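Down below is the structure, laid out as structure tokens.
The values are calculated or read from the model by the stated rules, or taken from the named source; none is laboratory data. Predicted model only: the values in this text are computed from it and were never measured. Quick reminder, even Gly has a Cβ in these numbers, built from the backbone with ideal geometry, and neighbours come from all protein chains shown. Only protein heavy atoms, including side chains, enter the accessible area calculation; ligands, DNA and RNA are left aside. Shrake-Rupley method; radii C 1.70, N 1.55, O 1.52, S 1.80 Å.
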Amino acid sequence: MNYRGHLTVGIAFFLAAYATLLFALHIRVSVADALLGLALCEFGALAPDLDHKSSKIHRWSYAGSAFAGVAVFLALSLKTHDFISAGVLASIVAGILALVVFLLSNLKHRGFTHHAPGFLLFVLCTFIAMSFLRNSSFLLLPSILDFSPAKVTIFGAIGYLSHLIADAF
């Protein structure tokens, strides 16, 4: 299945999960939870193919690592006005992300990332990242961006599972 198919299946799974949380389980989902959850669901729908060098997500991932570094730099430098520390931390974040992408690209396609250990690692990393973003002292989130790390991680996990299920057919 190509990336468009995985994105489409990811949206369908997102809508099903959103409806289940809202209507069947009566769990409130804020606008921020839904929007960030949709973005993470779509990322999760493509994430297992990070191990495939010709996949769209793999080709976008190095630029995404640099973008994350710039975002960290801007957030920290605007808050602390310490450009050197912000630059060092931003470089570390971008470097770690690029290293992870590089390591994943050297794995066998449909290996680690298409099985339970890859899924569990994705969920763990997503929850840690979302918790860090939510509780970070250097980000002053307006109330409209108040999100639940657990809820958005669930949406990311749903997206990842949608990829694995779609690949089974």
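Among the residues of region 72-83 satisfying the criterion of being in a helix (DSSP H, G or I) and at pLDDT below 80, which is farthest from Ala47 (Cα to Cα)?
Here the residue is Thr80.
Restricting to region 99-120, name every residue that is surrounded by 13 or more Cβ atoms within 10 Å (Cβ to Cβ) and at pLDDT 85 or above.
Listed by number, the residues that qualify are His114, Gly118, Phe119.
Each row is one residue, and each column tells you yes or no for (1) modelled with pLDDT of 90 or more; (2) closer than 13 Å to Ile57 by Cα; (3) assigned to a helix (DSSP H, G or I).
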position	(1), (2), (3)
Met1	no, no, no
His6	yes, yes, yes
Val9	yes, no, yes
Ala17	yes, no, yes
Cys41	yes, no, yes
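Consider region 38-77. How many of its residues are of a type in the set (A, V, I, L, M), closer than 24 Å to Ala17 by Cβ and surrounded by fewer than 18 Cβ atoms within 10 Å (Cβ to Cβ)?
Of the residues in that region, 1 qualify.
Would region 109-116 turn up any residue that is part of a loop (DSSP other than H, G, I, E, B), under 30 Å from Ser30 (Cβ atoms) and more than 18 Å from the chain's Cα centre (by Cα)?
No, region 109-116 has no match at all.
Taking Ala86 as the residue in question, decide whether it is assigned to a helix (DSSP H, G or I), over 23 Å from Ala47 (Cβ atoms), of a type outside the set (Asp, Glu) and modelled with pLDDT under 85.
yes
Can you tell me which of (1) more than 24 Å from Ser148 (Cβ to Cβ); (2) modelled with pLDDT under 80; (3) in a helix (DSSP H, G or I) is the one Gly69 doesn't meet?
(2)
For region 128-139, state whether one or more residues are at pLDDT 80 or above, among the β-branched types (Val, Ile, Thr) and either open to solvent by less than 70 Å² (accessible area, probe 1.4 Å) or over 22 Å from Ile154 (Cα atoms) (or both).
No, because not a single residue in region 128-139 is at pLDDT 80 or above, among the β-branched types (Val, Ile, Thr) and either open to solvent by less than 70 Å² (accessible area, probe 1.4 Å) or over 22 Å from Ile154 (Cα atoms) (or both).
Taking His26, is it on the phi > 0 side of the Ramachandran plot and without any contact (Cβ under 8 Å) to a residue 60 or more places away in the chain?
Yes: the conditions hold for His26.
Condition check ((1) touching a helix residue (DSSP H, G or I) at 6+ places or on another chain (Cβ under 7 Å); (2) within 20 Å of Ala39 (Cα to Cα); (3) free of Cβ contacts under 8 Å to residues at least 60 places away in the same chain) across all residues:
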| position | (1), (2), (3) |
| --- | --- |
| Gly69 | yes, yes, yes |
| Leu107 | yes, no, yes |
| Gly118 | yes, yes, no |
| Leu124 | no, yes, yes |
